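What follows is calculated from the coordinates using simple rules that are stated; it is not laboratory data. If you're wondering where the values come from, they're calculated on a predicted model, not measured in any experiment. Cβ: placed from backbone, ideal geometry, glycine included. Neighbour counts: every protein chain shown.
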Amino acid sequence: MRLISRLVCCVFLLLPVAATAAADDLARRLAASDGWVQWQVPLAPDAGDSCCYEGRGGASGRRGCDLDGRRWSVDDAAATQPGAARELAVYAHVKAGQVDAVRALSASCPVSSTSAITQLDGVDPAASVAWLAARVRRGDGRKGDEGIAAIAFHAAPAAMSVLREFAAVGAPRDRREAALFWLGQTRGADGVEAVERVAHEDADAKIRNHAVFVLSQAQKYDAYPRVLAIAASDRSGEVRSQALFWLAQMKDDRAAADIVAALHRETDAQAREQAVFALTQLPDGQGDKALIDLIRGDYPREVKQKALFWLGQSGSDTALAFLDETLR
């Protein structure tokens, strides 16, 4: 049994070495290429259909991506279709032996380029992650964001480990923020839980703020109570303020009552002010009703003043009718 344990231990120790060697081989293959090079690996199961989209009549339609475009962006606006191919296409642009751009898209996403795209076969997913991670660590690309996004879309377990590393204390803040965002967007429940731990435990209030935003975007994982808990308990008034703002953005029927409850318990003046503003972000006229209730209720004068100010900015029929009645 002891021999088996040692063998298993040795296997796990050799895995990162093998991935690094394979990543070095991938780097050599890329350096020998020119123009756009593409390889495919399994796509993370919780990632959406990554492509370029445009809005039409309130709906997002996939239009395909121009790899050569100067203004280039990608979204996963479309839900994954049952039975659809779950492959990720990674594109690297090589010039004079150096990679100067990376894109990561669903393999089914149509792409265009003025030059031919070279296909690399047999790329190991762990090697792909390791090569991208090394690129991010060197600071290549747009602050590493493109590389971190590409890593996040990989199904390989190594992707989760690298994202945790990039989100950890000690990494540059912009790298941490990008890693947290993609953890929440692509890594399912495990990713959301990792972001939640940072939101509760990190010493950097700006990082906690960002983690709250990421949580607010993960609504299919019941994110509302997670954000509410931070709004009630974070040690920073600024973080509590931002959590209240994102509660209002989450289109949850509980938000109005929970934000008003925060006004009752909140001792920080900035957080109270932000709570009043957060009410203005509620959908379907809920904000105006909540502001009117504040003005009529038993609240501090500064709360009523802010509520009156934001009600005046509304311009809705409800707000104007209340102001007319009040000013008679």
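At-a-glance table
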| quantity | calculated |
| --- | --- |
| Tally of Lys pairs whose C-alpha atoms are under 20 Å apart, taken over the chain, 8 or more apart or cross-chain | 6 |
| Exposure proxy ranking, count of Cβ atoms within 10 Å, fewest first, for E146, E201 | E201, E146 |
| Share of pairwise Cα separations in the stretch 188-237, more than 15 Å, in percent | 34 percent |
| Per-peptide average of other Cβ atoms within 10 Å, ordering 111-122, 227-238 highest first | 227-238, 111-122 |
| Per-residue Cβ neighbour rank within 10 angstrom, fewest leading, W310, W246 | W310, W246 |
| Full-stretch length increase - L120, L327 - with 0.36 nm per residue and alpha-carbon distance subtracted | 67.3 nm |
| Helix axis angle, 205-216 relative to the chain longest principal axis, alpha carbon, degrees | 90 degrees |
| Principal-axis tilt of helix 255-265 within the chain, Cα atoms, nearest 10 degrees | 70 degrees |
| Percent of Cα pairs exceeding the 30 Å cut-off, where the set is the chain | 48 percent |
